[in-house]
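Visitor: My questions will all concern the structure given below.
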């Protein structure tokens, strides 16, 4: 009896609990990635609007030039459309990023594992690149309708009154198939973007950690995400310009991606492929930083390990 009493008096040690229900649930990762990307899309929409406008101006010397640069372009939009002009297409942008980027970022780790990666800190770079390309291409193909509406609403402030009207008008005049206009260059851009952006973050982060240069935390996440944004913006700018031109064309100016590439270079020079590079990087850099920092924090909240 005394032994039982003594045992009952001893303090009980409980194992730490966690709020995570499914530690490795792909659905959980998709949801967290979608929330992180949708947040970043809302915050960076003003820069995205300016990027789209700059990519379209002077199109094969048909469209007039209105935006001489980042600052002048911002002033032009503010004067003509006010602050609301910078949030054209924001609903479509948030929907698109929540869906498309939720897939490409949320499915990245499961895809790495499917390709044979077992140790996150020592995964070969080529597996990361392949995983990023696959998830980026798949996510963008599914989300192309939202991307199309986003580009058109951001390109012309008065073209559609709302996202709902945009979808309805496109289906009415171009059919359901019209929602997938530009899917070719969109998939190419997304594959390139994800194959450079997420692996650049993943690889640089673990490189710094493995060599004890920096410790896990927000400062490391910030530095690696900004580096990844710079790499991604530089690699994807040409295909991003082609994608924007094809999605926004009202007449058959470009037959396909290759035709658009050829015409842009012939009439605007190679640098025509880098129109809007600065706002592109100023969007992708902060977008990448916001997305990945929020994603890392959300993972911490639910008990998942860092990327």
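Visitor: Among the numbered conditions (1) modelled with pLDDT of 85 or more; (2) on the phi < 0 side of the Ramachandran plot, tell me where residue 82 comes up short.
Guide: Of the numbered conditions (1) modelled with pLDDT of 85 or more; (2) on the phi < 0 side of the Ramachandran plot, the odd one out for residue 82 is (2).
Visitor: Ok, one more. Of all residues being over 16 Å from residue 90 (Cβ atoms) and surrounded by 12 or more Cβ atoms within 10 Å (Cβ to Cβ) in region 43-62, which is modelled with the highest pLDDT? Just the residue, please.
Guide: Step by step, filter region 43-62, then rank; the result is 54.
Visitor: For the structure I just gave you, tell me whether residue 92 is within 30 Å of residue 199 (Cβ to Cβ), buried (at least 19 other Cβ atoms within 10 Å of the Cβ), under 18 Å from the mean Cα position of the chain (by Cα) and modelled with pLDDT of 95 or more.
Guide: Judged against the criteria, residue 92 is not a match.
Visitor: Take residue 195 and tell me if it is without any contact (Cβ under 8 Å) to a residue 60 or more places away in the chain and crowded, with 22+ Cβ neighbours inside 10 Å.
Guide: It is false that residue 195 is without any contact (Cβ under 8 Å) to a residue 60 or more places away in the chain and crowded, with 22+ Cβ neighbours inside 10 Å.
Visitor: Quick one: what pairs do we get from region 67-96, first residue more than 30 Å from residue 34 (Cβ to Cβ), second modelled with pLDDT of 90 or more, C-beta under 6 Å, 6+ apart or different chains?
Guide: none
The values are calculated or read from the model by the stated rules, or taken from the named source; none is laboratory data. Just so we're clear, the structure is a prediction, and the values are computed from it rather than from any experiment. Note that we place each Cβ from the backbone using ideal geometry, even for glycine, and neighbour counts take in every protein chain shown.
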